[in-house]
Amino acid sequence: MLILLPPSETKRAGGTGRSLSLDGLRYPELTAVRRQLTDDVVRLSADRDAMIAALKLGPKQHGEVEVNRMLWESPTMPALDRYTGVLFDALDAGTLDAEARAFAGRHVLVHAALFGPVGALDPIPAYRLSHDSRIPGAPMKRLWAPVVAEALAQHDGLLIDMRSEAYVALGPTLAMPNSFYLRVLTDGPNGSRRALNHFNKKAKGEFTRAIVQARIPFAHVDELCAWAPTAGFRLEILTPDSGARELALLV
């Protein structure tokens, strides 16, 4: 089983790990693209105004230019600890015990705009890059989508895709027979359901934390749906008109 999480714009600074080594990241077949994009970002950081424009930085965010300039030299920390924000605050990786963290390392991925999917415990530096950042060269979607989709397709087990649709575009999984896209919904009037925004991220973080703490590598989606109520969650398989495989996490 794999859980595929989106990244966060906000990240924890610093780290105690050695500087970036692309060889230490999951999916070594992505190394060439990772190296190209990292080099391109560092190179663009030499032009402060160009980097500010590429990242759409506000006046209080200009320090991110220096963060990107130091990508090859700055310290690293596990991806699950690097990201902050609503989803990762709810996941609260720092309070997981050693066995839960080891489980996350095997079964949780974070789809970084700069590195593609990385393992939860893969060491990465602080960086600033989004799915829609305009770095000179190939657009992000053209650069990432084919190689990420191919890398993920090597997994033949259950994959729960919790990414935003913008990150799904950087590596589609819909062609995978055991891949399910998770939506966070709430019950509305007259039996209707609606998607959530802020609580979407919180629910995904809490659900991921529960799976990691349970340390059960579910082999089939029916097993996951049967387990969910025992952990306090409502999870249903959806059958949309498109025929896509989707899950509803109901809150």
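The values are calculated or read from the model by the stated rules, or taken from the named source; none is laboratory data. Computed from a predicted model, the values in this text were never measured in an experiment. Cβ atoms come from the backbone with ideal geometry, glycine included; neighbour counts cover every protein chain shown. All accessible areas refer to the heavy atoms of the entire protein, side chains included, with ligands and DNA or RNA removed. Shrake-Rupley method; radii C 1.70, N 1.55, O 1.52, S 1.80 Å.
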Provide Glu246, Glu150, Glu64 ordered by accessible surface of protein heavy atoms (probe 1.4 Å), highest first.
Glu150, Glu64, Glu246
How many angstrom separate the Cα center of segment 156-175 from the Cα center of segment 75-139?
16
What is the sum of charges, Lys and Arg at +1 and Asp and Glu at -1, for the other residues whose Cβ falls under 9 Å from the Cβ of Arg12?
+1
Please give the helix 198-214 orientation as an angle from the longest Cα principal axis of the chain, in degrees from 0 to 90, rounded to the nearest 10.
80
Value of [θ]222 nm, deg cm²/dmol, for the chain, DSSP H segments ≥ 4, -39500 (n - 2.57) each, nearest 500
-10000 deg cm²/dmol
Rel. contact order, % - alpha carbon contacts under 8 angstrom, at least six apart, the chain
24
For segment 69-213, the dipole about the Cα centre with charges only on Cβ (Lys and Arg +1, Asp and Glu -1), to the nearest 20 debye, works out at 480
Specify whether the C-alpha gyration tensor of segment 82-158 places it in the rounded, prolate or oblate class, a ≥ b ≥ c being the square roots of the eigenvalues: rounded for a/c under 1.5, otherwise prolate if a/b is larger than b/c and oblate if not.
oblate
Roughly how many percent of the accessible protein surface of the chain is carbon and sulfur, given a 1.4 Å probe and a whole-percent answer?
53
For the chain, report the convex hull volume of the alpha-carbon atoms normalised per residue, in Å³, without decimals.
131
Could you tell me the accessible area of Ile237 in Å² (1.4 Å probe, neighbours in place), rounded to the nearest ten?
70
I'd like to compare 107-119, 66-78: which one has the highest average count of other Cβ atoms within 10 Å, and what's the full order after that?
107-119, 66-78
Mean accessible area per residue over segment 81-157 (1.4 angstrom probe, all protein chains present, square angstrom) is 38
Any chance you could give the angle, 0 to 90 degrees and rounded to 10, that helix 31-45 forms with the longest Cα principal axis of the chain?
50
Under a Cβ-Cβ cut-off of 11 Å, what is the net charge of the residues other than Asp187 that fall near it, where Lys and Arg count +1 and Asp and Glu count -1?
+3
Cα lying deepest toward the dipole's positive end in the chain, options Phe180, Ile135, Phe233, charges on Cβ
Ile135
Lys, Arg +1 and Asp, Glu -1 on Cβ, resulting dipole of segment 1-62 about Cα centre, debye, nearest 20
240
Please list, or write none, the lysines whose alpha carbon is within less than 20 Å of the alpha carbon of Lys60, excluding same-chain residues fewer than 8 places away.
Lys11
About the Cα centre of the chain, what is the dipole size in debye to 20, counting +1 per Lys and Arg Cβ and -1 per Asp and Glu Cβ, all else neutral?
460
Putting +1 on Lys and Arg Cβ atoms and -1 on Asp and Glu Cβ atoms, find which of Ala13, Trp72, Thr84 reaches farthest to the positive end of the dipole of segment 4-133.
Trp72
Going by a ≥ b ≥ c, the root eigenvalues of the Cα gyration tensor, does segment 81-223 fall in the rounded group (a/c under 1.5), the prolate group (a/b larger than b/c) or the oblate group?
rounded
Under the rule rounded for a/c under 1.5, else prolate if a/b exceeds b/c, else oblate, using alpha carbon gyration tensor axes a ≥ b ≥ c, segment 156-206 is classed as prolate
Per q in 0.11, 0.14 1/Å, what log10 I(q)/I(0) does a Debye calculation on the alpha-carbon atoms of segment 2-75 return?
-0.33, -0.54
